[in-house]
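Presented below is the structure to which this report refers.
The values are calculated or read from the model by the stated rules, or taken from the named source; none is laboratory data. As the structure is a computational prediction, the values presented were derived from the model and not from experiment. All Cβ positions, even for glycine, are placed from backbone atoms using ideal geometry, and neighbour counts span all protein chains on display. Please note that ligands, DNA and RNA were not included when accessible areas were found on the heavy atoms of the full protein model with its side chains. Shrake-Rupley method; radii C 1.70, N 1.55, O 1.52, S 1.80 Å.
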Amino acid sequence: MKEEIEKQIKEFGFPVIADEKSGALQWVDMRELKVSYLMCIENIKPFFEALKENRLVTTKCRKCGRLFFPPQKDCPTCRDSDMEWVELSKEGVLETLTVLFVKPPSFGKYNPYTVAIAKLDDGPRITAWLKMDPTKARPGMRVRVQVSRREEEGYLMYELVPVEE
């Protein structure tokens, strides 16, 4: 492929190749991208502590009453920092989902996976991996948040699973 791209650079002046199915030109970025970052979680530490206890908590603005998920230190609506921690119901309704076959490099080791959005009974929406056969998932079905360990990395995560009825 590298030779083909070098040929295209000489011919077109850009690193492009034709899509196998449509023939449309696609840009091929030849640079490797490796990203590492640090992110301070001190202000939302109770969220991570609760996950270790199999609980789901988030922040609620004391001034306007808005719930946030994921938790936030400040309320973007009223610009106040007077937040309280509240425990959320771990059940809700599946709103939408998508199966990812073309994955970002950081998730390239995983088989195709499903990401879904559910509206929790308490109101906030949550985006998480959906652990079920996506062909059996339907908007409107009941789901719950489950705390588990991500296979590859071993750290805690939350995911959506169907509610057993």
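Laid out as a table, the results:
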read-out: Shape of segment 37-88, Cα gyration tensor, a/c cut at 1.5; value: oblate
read-out: Heavy atoms of Ser36 accessible to a 1.4 Å probe, total area in Å² rounded to 10; value: 100 Å²
read-out: Accessible-area value, Phe101, 1.4 Å probe, nucleic acids and ligands omitted, Å²; value: 140 Å²
read-out: Top positive-direction residue, dipole computed over the chain with Cβ charges, set Met157, Thr114, Gln26; value: Met157
read-out: Space enclosed by the convex hull of the alpha-carbon atoms of segment 85-150, per residue, Å³; value: 106 Å³
read-out: Environment charge of Asp80, counting only residues whose C-beta is closer than 14 Å and scoring Lys/Arg +1, Asp/Glu -1; value: +3
read-out: Hz values of 3J(HN,Hα) by residue in segment 15-27 - Karplus curve (6.51, -1.76, 1.60), Gly and Pro given as x; value: x, 10, 9, 8, 4, 4, 8, 9, x, 5, 6, 10, 6
read-out: The chain - percent of accessible surface contributed by carbon and sulfur, probe 1.4 Å; value: 51 percent
read-out: Among Lys131, Lys52, Lys21: highest mean-square fluctuation, GNM of the chain, C-alpha pairs under 10 Å; value: Lys21
read-out: DSSP bridge pairs, the chain: antiparallel proportion in percent, nearest 5; value: 95 percent
read-out: Computed over segment 43-165, Cα set: Rg, Dmax in Å; value: 15.4, 44
read-out: Per-selection Kirkwood Rh - segment 13-109 (Cα, Å, 1 d.p.); value: 17.9 Å
read-out: Alpha-carbon centroid distance for the pair segment 114-165 / segment 9-69, whole angstrom; value: 18 Å
read-out: Only Lys, Arg (+1) and Asp, Glu (-1) charged, at Cβ; the chain dipole about Cα centre in debye; value: 300 debye
read-out: Solvent exposure, largest accessible area first (probe 1.4 Å, DNA, RNA and ligands not counted), of Arg150, Arg144, Arg79; value: Arg79, Arg144, Arg150
read-out: Choice from Ala118, Ala18, Ala137 showing the highest fluctuation, given a GNM over the chain with Cα pairs closer than 10 Å; value: Ala18
read-out: Residue-level accessible surface for Tyr155, protein heavy atoms, 1.4 Å, Å²; value: 110 Å²
read-out: Phi to ³J(HN,Hα) by Karplus 6.51 cos²θ - 1.76 cosθ + 1.60 over segment 33-44, Hz, x for Gly, Pro; value: 10, 10, 10, 10, 8, 10, 9, 5, 10, 3, 6, 10
read-out: GNM flexibility winner over the chain from Pro134, Pro104, Pro46 (Cα, springs under 10 Å); value: Pro104
read-out: Normalised contact order of the chain, rounded percent, pairs of Cα under 8 Å and 6 or more residues apart; value: 15 percent
